[in-house]
Amino acid sequence: MAQPGFLYEFGDGYVESYGWDRGAYMFPLRSWLNAGLAVAGSSDSPVTDFRPLSGIAAAVTRETVKGQVLADDERISIHEAIGLYTVNPARLVFAEHELGRLAAGYRANLIVLGEDILKLEGASRIRDCPVLMTVIDDKPVWQHPSYFAVEQ
């Protein structure tokens, strides 16, 4: 379990408190994935921003609040970062045959985004991408008021 959002929110403090070598290498996601670990993402909310997109942005860029990049060799791809919140947690709870993917026979747990995060550049664009709808167990449980709005 990793909290990539800590890099963004607390990363500057890590470096200040522990020095560059220790502080910048907190949550070494690239190393963990290269070692074959199935890493799940978390926020540790209410300590940090609860939104998975915030954690995804931090895992991809490793940028702090002040714009400092921590250990850029530990960055992971956007696809790997999405996996921290989808396929990897499903695998870790032994539910990889029913959760974590959009596929026939899997439970539909998903969000609809206002933009394609695979094409967005910069942490703030990913972090602030609007969520338009949330679906849990095949049922819409929330939608943005403007989503599906019908013009009169």
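The values are calculated or read from the model by the stated rules, or taken from the named source; none is laboratory data. Everything numeric in this text was worked out from a predicted model, so none of it was measured. When we count neighbours, we look across all protein chains shown, and the Cβ atoms used for this are built from the backbone with ideal geometry, even at glycine.
Name every residue in the range 132-152 that is surrounded by 10 or more Cβ atoms within 10 Å (Cβ to Cβ), at pLDDT below 90 and on the phi < 0 side of the Ramachandran plot, in order of residue number. Explain how you work it out, then say what you get.
Residues of the range 132-152 that are surrounded by 10 or more Cβ atoms within 10 Å (Cβ to Cβ), as a first pass: 132-136, 138, 140-144, 147-148.
Add one more test, that the residue is at pLDDT below 90, and what stays is 147-148.
Selection gives Y147 alone.
Tally up the residues in the range 100-121 that are in a loop (DSSP other than H, G, I, E, B) and either under 19 Å from G41 (Cβ atoms) or touching a Leu at 6+ places or on another chain (Cβ under 9 Å) (or both), please.
Step one: filter the range 100-121 for residues in a loop (DSSP other than H, G, I, E, B), giving 100-109, 114-121.
Filter again for either under 19 Å from G41 (Cβ atoms) or touching a Leu at 6+ places or on another chain (Cβ under 9 Å) (or both), leaving 100-102, 106-109, 114, 117-118, 120.
Count: 11.
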Completion exercise
Considering residues that are more than 13 Å from the chain's Cα centre (by Cα) and not aromatic (F, W, Y), the number found within the range 1-46 is 24
Handout entry: Failed condition for A81, given (1) farther than 20 Å from D12 by Cβ; (2) at pLDDT 95 or above; (3) small (G, A, S); (4) not in a helix (DSSP H, G or I)
Key = (4)
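For the range 115-124, what are the residues that are at negative phi, surrounded by fewer than 14 Cβ atoms within 10 Å (Cβ to Cβ) and of a type outside the set (D, E)?
Our first condition is that a residue be at negative phi; within the range 115-124, this holds for 115-121, 123-124.
With the extra rule that they be surrounded by fewer than 14 Cβ atoms within 10 Å (Cβ to Cβ), the set shrinks to 115-116, 118-119, 121, 124.
Listed by number, the residues that qualify are L118, K119, S124.
Scan I56, I117, I111 and give me the residue that is of a type outside the set (F, W, Y) and within 30 Å of G19 (Cα to Cα). Reasoning before the result, please.
Values: I117 fails: within 30 Å of G19 (Cα to Cα); I111 fails: within 30 Å of G19 (Cα to Cα).
Just a single option satisfies the conditions, and that option is I56.
Please verify whether T61 is crowded, with 17+ Cβ neighbours inside 10 Å, modelled with pLDDT of 95 or more and at negative phi, treating the condition exactly as stated.
Values: crowded, with 17+ Cβ neighbours inside 10 Å: yes; modelled with pLDDT of 95 or more: yes; at negative phi: yes.
Yes: the conditions hold for T61.
Taking the stated definitions as given, is S54 of a type in the set (S, T, N, Q) and farther than 14 Å from L118 by Cα? Show your work before the answer.
Details: of a type in the set (S, T, N, Q): yes; farther than 14 Å from L118 by Cα: yes.
Here the answer is yes, as S54 does meet what is asked.
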